[in-house]
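The values are calculated or read from the model by the stated rules, or taken from the named source; none is laboratory data. A quick note: this is a predicted structure, and the numbers were derived from the prediction, not measured. No Cβ is skipped: glycine too gets one built from the backbone with ideal geometry, and neighbour counts run over all protein chains shown. The protein model used for the area step is the full one, side chains on, heavy atoms only, and it has no ligands, DNA or RNA in it. Shrake-Rupley method; radii C 1.70, N 1.55, O 1.52, S 1.80 Å.
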Amino acid sequence: MYETLILTDDEVKQLLEMPEVLNAVEGAFREKGLGKVQMPPKVYMFYKEYNGDLRVMPSYLESLDVSAVKIVNVHPQNKRKYGLPTVMAVVLLIDPKTGFPLSIMGGSWLTAMRTGAAGGVAAKYLAREDSEIICFIGAGTQARTQLMALSIVLKNIKTIKVYDLVEEASKLFADYASKIINGVKVEICDSPRDAVSNADVVVTVTPSRQPIVMSNWIGKGVHFNCIGADAPGKEELDPNILLRAKIVVDDMEQAIHSGEVNVPIAKGILRKDQIYGEIGEVITGIKKGRETRDEVTVFVSTGLAIQDAVTAKLAYDKAMSKGLGRRLRLVA
């Protein structure tokens, strides 16, 4: 009898550990760099009346024989208006051999973890190894998983700086950061400019539709993880930062239409040929990562379906070994 494993978000949270997710996501990017994945463009629907959107994300990693579909929303007003998370998701893990639905699982924490892992992988290849000061613009859930991953790949973090429009969010993040990295100094900043000052790595995790971080605030050698701009019209960086940076994206087409580069490209400020390449090309060695201490690097994260697929497979395998979740006969 074929049964589908049902996992709640809380159960997925119990199963996923960042070191394992980092390895899985890096492997997914590598497979993409080698051209061994099927990943149709992300499909968007926009609920303009509610300032929200819905995305459908299918993928198949051929060599790993892993396939999944994720349905995910982004509604920035959810927490304030309805007490719901900004991002909610459901992932359907598929058996490529038969098409059978192996599992249906909550995808909200999975999304946060795989996105945090992507930032960690990017920093591994693009940030200076001796980076000491990490800045966060935005202090929500995604800031936490970004920090979780960065604390693994960057071994010399001494200071965490944070700015959020909501001061309480900054305070909660500061408490969290102190627990993640023993002895780290945490600074709550009054402005984005104060936050990015002297930072080695800047992580932007906001829903902004206008630049927050300006080029004249940024010195040499800084690495950016641009996470918040994941839909058309969103941007967090002054385009002049992009013009002086080595830009590495997770996926070229998605980035052009919905990543940090989408607005500058639409306005004719930035050209597609000014984007250096994809993170998968860097991981496989097709293209080099950071080459000098002084170069500014930018990772543009739009979130890839292959990240969801490998993370869902990781959760599924661990759940099966631990006997977690419940099984239902959905298919007769």
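Of all the accessible heavy-atom surface of the chain, with the other protein chains kept in place and a 1.4 Å probe, what percent is carbon and sulfur?
So the carbon and sulfur contribution to the accessible surface is 52 percent.
For n ≥ 4 DSSP H runs only, could you compute -39500 (n - 2.57) per run for the chain, divide by its residues and tell me the 222 nm figure to the nearest 500?
Helices in the chain give a 222 nm mean residue ellipticity of -10500 deg cm²/dmol.
Quantify how much of the Cα-Cα distance distribution of the chain extends past 24 Å, in percent.
The share of Cα pairs beyond 24 Å in the chain comes to 52 percent.
Given +1 on the Cβ of Lys and Arg, -1 on the Cβ of Asp and Glu, and no further charges, what dipole in debye does the chain carry about its Cα centre, rounded to the nearest 20?
200
In terms of modelled amide H atoms, which long-range or inter-chain residues lie less than 5 Å from the amide H of Gly52?
Tyr47
I want to verify the translational diffusion coefficient of the range 237-320 in µm²/s; compute it with Stokes-Einstein, Rh as the Kirkwood radius over Cα pairs, at 4 °C and 1.567 mPa s.
Answer, rounded: 92 µm²/s.
List the residues whose amide H sits under 5 Å from the amide H of Val66, counting only those 5 or more places along or on another chain, with H placed 1.01 Å from N in the peptide plane.
Close amide H contacts, sequence-distant or interchain: Leu61.
How big is the gap, in Å, between the Cα center of the range 249-279 and the Cα center of the range 25-77?
Cα centres, the range 249-279 to the range 25-77: 17 Å.
The range 228-246 to the range 131-193: how many Å between their Cα centroids?
21
Show Asp190, Asp317 ordered by accessible area, largest first, where the area counts protein heavy atoms only and the probe is 1.4 Å.
If we order Asp190, Asp317 from most to least accessible, we get Asp190, Asp317.
Got a number for the accessible area of Ser59? Probe 1.4 Å, square angstrom, nearest 10.
10
At a probe size of 1.4 Å, how large is the accessible area of Lys272, to the nearest 10 Å²?
Its accessible surface works out to 100 Å², give or take rounding.
Can you classify the range 67-130 as rounded, prolate or oblate using the Cα gyration tensor, where a ≥ b ≥ c are the square roots of its eigenvalues, rounded means a/c under 1.5, and otherwise it's prolate if a/b beats b/c and oblate if not?
Because a/c hits 1.5 or more and a/b fails to exceed b/c, the range 67-130 counts as oblate.
Which order do Asp95, Asp294 take by accessible area at a 1.4 Å probe, largest first?
Solvent-accessible surface, decreasing: Asp294, Asp95.
Kindly write out, for the range 79-93 in residue order, the coupling ³J(HN,Hα) from the Karplus curve 6.51 cos²θ - 1.76 cosθ + 1.60 (θ = phi - 60°), rounded to whole Hz, with x marking Gly and Pro.
Residue by residue, the range 79-93 yields 5, 5, 8, 10, x, 10, x, 4, 10, 10, 8, 10, 10, 10, 8 Hz.
So how tilted is helix 18-33 from the main axis of the chain? Cα-based, degrees 0 to 90, rounded to 10.
Taking the Cα atoms of the chain, the angle to 18-33 is about 90 degrees.
When only Cα pairs under 8 Å and 6 or more residues apart are kept, what is the percent relative contact order across the chain?
After rounding, I find 22 percent.
Once every Cα of the range 1-48 carries one equal point scatterer and solvent is ignored, give the base-10 log of I(q)/I(0) from the Debye formula at q = 0.17, 0.23 Å⁻¹, two decimals.
-0.91, -0.93
What is the magnitude of the charge dipole of the range 195-309 about its Cα centre, with +1 placed on the Cβ of each Lys and Arg, -1 on the Cβ of each Asp and Glu, and no other charges, expressed in debye to the nearest 20?
Computed charge dipole of the range 195-309: roughly 360 debye.
With every protein chain kept in place and ligands, DNA and RNA left out, what is the accessible area per residue of the range 52-106? Probe 1.4 Å, answer in Å².
Solvent-accessible surface per residue comes out at 47 Å².
What residue among Asp230, Asp250, Asp175 has the largest mean-square fluctuation in a Gaussian network model of the chain, using Cα springs under 10 Å?
Judging by the Gaussian network model, the answer is Asp175.
Taking only pairs that are 8 or more places apart or on different chains, how many Lys pairs in the range 105-195 have Cα atoms under 15 angstrom apart?
9
Please go through the range 221-327 and write out the GluC sites (Glu not before Pro) that DSSP classes as loop and that have at most 11 other C-beta atoms within 10 Å.
Counting only loop positions with at most 11 other Cβ atoms within 10 Å, the GluC sites (Glu not before Pro) in the range 221-327 are Glu291.
Taking Cα atoms, how many degrees apart are the long axis of helix 108-126 and the longest axis of the chain, rounded to 10 and kept between 0 and 90?
For helix 108-126, the angle is close to 50 degrees.
Dividing the alpha-carbon radius of gyration of the range 185-332 by 2.2 N^0.38 Å (N being the number of residues), what value is obtained?
Output field value: 1.26.
Give me the percent of Cα-Cα pairs in the range 40-169 that sit more than 24 Å apart, rounded to a whole number.
44
Give, to the nearest whole percent, the P(r) tail of the range 197-275 beyond 16 angstrom, counting all Cα pairs.
44
Heavy-atom accessible area of Ile152 with all protein chains present, probe 1.4 Å, nearest 10 Å²?
Rounded to the nearest 10, the figure is 50 Å².
Sort Glu129, Glu3 from largest to smallest accessible area, using a 1.4 Å probe on the heavy atoms of the protein chains.
Order by accessible area, largest first: Glu129, Glu3.
Say the dipole of the range 151-192 comes from +1 at the beta carbon of Lys and Arg and -1 at that of Asp and Glu; which of Leu154, Tyr176, Ser191 then lies farthest toward its positive end?
Leu154
So what's the angle, to the nearest 10 degrees on a 0 to 90 scale, between helix 141-153 and the longest Cα principal axis of the chain?
80
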